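Below is one structure; the comments refer to it alone.
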Amino acid sequence: MTTLIDTTPAEAAAGPRPIEKAPLERYVAPAQPSLVGLDRAGLAEALAAVGVPEGQRRMRVRQLWNWLYVRGAQNFDAMTSVSKDLRAVLAARYTLARPEIVAEQVSVDGTRKWLLRLPGEHPGERPHEVECVYIPEADRGTLCVSSQVGCTLSCTFCHTGTQRLVRNLTAGEIVGQVMLARDRLGDWPGATPPAGGPNPRADGGRFISNVVMMGMGEPLYNFEAVRDALLVVADGDGIAISKRRITLSTSGVVPNIARCGEEIGVMLAVSLHAVDDARRNVLVPLNRKYPIAALLDACRHYPGLSNARRITFEYVMLKGVNDSIADAKALVRLLAGIPAKINLIPFNPWPGSAYECSDWDQIERFSEVVFNAGYASPVRTPRGRDILAACGQLKSATEKLSARERLALRAMAMTD
């Protein structure tokens, strides 16, 4: 049986695990900012800044919007319906930069994980990097997008939660992950998938049909940027991924849950993982600030909640911690009256993790209790485990490198 672990001896000596981490840095815009991620009002402001007369801006915004979000233009020269003079002016002031792929790993199951370096120089600092994951299936292609460099929270079962919070991503850096993935997969109209790319979907649809805000970071602690980005991604005249196919996952930032429904209108997923405050306080320390009762009250009042727009409750299966039949029955009672789907997630191990995945037979018994109570209870098939791309495994290579360097420095100090 696994013991529920709050802190290691070293952490205990340093003090209690923080509920939230403060960002180490703030975003500094590069000298030439990217237009990627701007909404129509933002594009109009960019055009005004380069002297485009007010009477022409609406037409020019339509042109730029189409080239950016329908055709996926990667440089201004591709915008053949825009005058050469304006293209030159725009190119002198702006870019169309997306994040840069530093490394790509492909799992045996076809899952792709990209380590992405964010646009812009950061003199004297490490490059800012995040991870983004593409999961192909026969009837859909799901892109898992990050919202922060690192993470605000310190969930004990999550690899990303062990990383420092460097900063929030901008709306452009969030939209840029979607656009970069469409570039890499050949998912723009008329584009050809690159050599070594994924096989076309069996139903003939787009490679990226779904977006989940389940990558690095807590989306509701970067609310405005996430909101602005997802509204661009969901716009029917552009990238056009339906809000019904966009899911935002939160660990339970209660004050922003209603705002998510009102201002974004996407599907909601809640990382629950325990049926009582004592255990959830350890697994998801944010629970000490927003306990289960407050979280579920916010869920019951989520704008647009209905049987057709159910909340997904994510429940990671941890051996001997939260996987008993009594826990399953308590979970059903806890969610009574909330239109919900319960997504059971086999724990995905990572180096140094203190937990084990529940036995498969136990997961099936747990699922049966939930299903018999009338809830859909799919068990999420682990994808990309071999490349640490599965749920809870993301952690940027920059952070891993700094950890190695700290160990090296410590070893040097011991030999001096």
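Would you confirm, using the coordinates I've provided, whether Leu47 is surrounded by 11 or more Cβ atoms within 10 Å (Cβ to Cβ), in a helix (DSSP H, G or I), modelled with pLDDT of 95 or more and not basic (Lys, Arg)? So Leu47 fits the description; yes.
When the residues of the stretch 219-269 are filtered to those that are β-branched (Val, Ile, Thr) and part of a helix (DSSP H, G or I), the one that is nearest to the chain's Cα centre (by Cα) is Val226.
Of all residues in the stretch 270-286, those satisfying the criterion of being crowded, with 17+ Cβ neighbours inside 10 Å and over 20 Å from the mean Cα position of the chain (by Cα) are Ala274, Val275, Arg279, Arg280, Asn281, Val282.
Go through Thr95, Thr80 for me and flag whichever is crowded, with 17+ Cβ neighbours inside 10 Å, under 30 Å from Pro198 (Cβ atoms) and among the hydroxyl-bearing types (Ser, Thr, Tyr). Give the steps one after another, and end with the answer.
On the way: Thr80 fails: crowded, with 17+ Cβ neighbours inside 10 Å.
Result: Thr95 is the single residue among Thr95, Thr80 that is crowded, with 17+ Cβ neighbours inside 10 Å, under 30 Å from Pro198 (Cβ atoms) and among the hydroxyl-bearing types (Ser, Thr, Tyr).
Which of the numbered conditions does Ser251 fail, given that it passes all the others? Conditions: (1) more than 24 Å from Gly215 (Cα to Cα); (2) surrounded by 15 or more Cβ atoms within 10 Å (Cβ to Cβ); (3) small (Gly, Ala, Ser). Tallying (1) more than 24 Å from Gly215 (Cα to Cα); (2) surrounded by 15 or more Cβ atoms within 10 Å (Cβ to Cβ); (3) small (Gly, Ala, Ser), Ser251 fails exactly one: (1). Scanning the stretch 178-207 for residues that are assigned to a loop (DSSP other than H, G, I, E, B) and either outside the structural domain of Glu131 (by TED's automatic domain parsing) or β-branched (Val, Ile, Thr) (or both) turns up just one, Thr192. Closer than 19 Å to Arg206 by Cα and charged (D, E, K, R): is that true of Arg93 in this structure? No, not satisfied.
Quick one: is Gly172 farther than 17 Å from Met214 by Cβ, over 18 Å from the mean Cα position of the chain (by Cα) and not in a strand (DSSP E or B)?
Values: farther than 17 Å from Met214 by Cβ: yes; over 18 Å from the mean Cα position of the chain (by Cα): no; not in a strand (DSSP E or B): yes.
So Gly172 does not fit the description; no.
Within the stretch 4-25, restricting attention to residues that are farther than 13 Å from Cys155 by Cβ and modelled with pLDDT of 90 or more, the residue that is surrounded by the most Cβ atoms within 10 Å (Cβ to Cβ) is Pro23.
The values are calculated or read from the model by the stated rules, or taken from the named source; none is laboratory data. None of these values were measured; they are calculated from a predicted model. Every residue, glycine as well, gets a Cβ built from its backbone with ideal geometry; the counts of neighbours run over all protein chains shown.
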